[in-house]
1. Quick check of the Kirkwood formula: for the range 129-195, what is the inverse mean of 1/r over all pairs of different Cα atoms, in Å?
2. Can you compute the equivalent ellipsoid semi-axes for the chain, i.e. the square root of 5 times each eigenvalue of the Cα gyration tensor, sorted largest first and rounded to whole Å?
3. In degrees, nearest 10, range 0 to 90: what is the angle between the Cα axis of helix 363-385 and the longest Cα principal axis of the chain?
4. Relative contact order for the range 1-116: what percent, with Cα pairs under 8 Å and sequence separation of 6 or more?
5. Return, for the Cα atoms of the range 32-87, the radius of gyration and Dmax in Å, separated by a comma.
6. For the chain, what does the relative contact order come out to in percent, with C-alpha contacts under 8 Å and a separation of six or more?
7. Taking the alpha-carbon set of the range 117-346, what are its Rg and Dmax in Å?
8. Which order results if 136, 261, 59, 72 are arranged by neighbouring Cβ count within 10 Å, fewest first?
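We did not get these values from a lab; they are worked out from the coordinates using the rules stated. Here the structure is a predicted model, which means the values were calculated and not measured. For neighbour counting, all protein chains shown are included, and Cβ atoms are generated from backbone atoms with ideal geometry for every residue, glycine included.
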Amino acid sequence: MKKITLTLIKADIGGYVGHSASHPEIIALAREELLRSNLLIDSYVTACGDDLQLIMTHWEGVGNEDIHKLAWDVFLKCAEKAREMKLYGAGQDLLKTSFSGNLRGMGPGVAEMSFEERKSEPVLIFMADKTEPGAWNLPLYKIFADPFNTPGLIIDPKMHEGFAFEVLDVMEDKSAMLKCPEHLYDLLVLIGSPGRYVIKNVYKNKPKMIAATSTTSRLSLIAGRYVGKDDPALIVRAQHGLPAVGEILEAFSFPHLVEGWMRGSHNGPLMPVRVKDAHPARFDGPPRVMCLGFQIRNGKLGVPRDMFDDPSFDLARQKANEVAEFLRRHGPFEPHRLSSDVMEYTTLPQILKELEHKFKASEHKRIKQKLKRLELEKKVKKSHAFK
Ligand code: F6R
Ligand code: MG
Ligand code: MG
């Protein structure tokens, strides 16, 4: 059977108002542009905060140049309109000027997978704003490795063999495959540092099949400076030997702390929200995640369901608000503000540099330096004496 490919490509091409949301006219333009293409089986355009999300199905496979170019051109067109409309940060995530075969390293985030469509193919697509790809580490661990979240891992014979996690080291650009449950502790060693190690893909061990894939770009590493957070997206297949829809959603009932929020520089809770609420507000946040459910049929996406539009997530939202309030009271202090080594990827180093001249060495350090100098002078004199 021919494999279909589900591709999500996202970029912040301009915000309305500020960095809070996407303008409806931009979303409509992207929709029109994708509908015009004859490369796609189907498409759905939405936005999470200021990130425009292009969800596409096609037969062209993963990493296909034509599909990536299509998305790039749509973003360019939307960025042009965003500039005309004077939207905020128009073209923000489009870091390169010309397209060269693949979107990798160009700014937009890409999550895509090819699979043989099952008898029934439920897929959940998560999209987050004001956070980064490592934000998926904890929920992905819970969904695919933690029986306290996913009883199917122990109850369902089709899932009992577990899942393998492909973990990307975003600093070194290399990856490792860790099979669970065997390598569960090793997995946690890595993914507990979500700023560096990010789960890129999850595979079912037996029979081997793709179960989840995420966007993993680090904009600051591409641009060499802070250009906003890499608000991530995640695709998860569900049911029939994979975690149930409810097991997948359950992982988001705990609004865990993620990096991002105001100026990409603060820890905050990841709040699961309805699509209509996927617009950061307080302190440019708190970071939020929305989820669309698709029941794919012959590559057609059909009408999506807003999966967090349910009272069973009210408690998580309330908890997120409480945690947000608690953290906010810390103002510019860690651990609300990110630690200095992580701040290296924000605009803070510019300020630190300007502060450098204010620093004077301590008395103790000055004496030590003087002694060192004298010793050096002595050595030099001695060496001259031997000449
Ligand atoms: C975080 C984010 C916002 C901006 C903030 C300042 O990812 O996008 O919190 O960092 O609004 O934005 P500028 O520097 O554009 O005024
Ligand atoms: Mg923005
Ligand atoms: Mg954003």
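1. Working: mean 1/r = 0.0790 Å⁻¹.
One decimal place: 12.7 Å for the Kirkwood radius.
2. Working: eigenvalues 347, 134, 99 Å².
Output for the chain: semi-axes of 42, 26, 22 Å.
3. Compared with the principal axis, the helix lies near 60 degrees.
4. Working: 238 pairs, mean separation 46.8, N = 116.
About 40 percent, as a whole number.
5. 12.0, 37
6. 17
7. Over the range 117-346's Cα set, Rg and Dmax evaluate to 17.3, 52 Å.
8. Numbers: 136 32, 261 29, 59 14, 72 21.
Ordered from fewest to most neighbouring Cβ atoms within 10 Å, 136, 261, 59, 72 come out as 59, 72, 261, 136.
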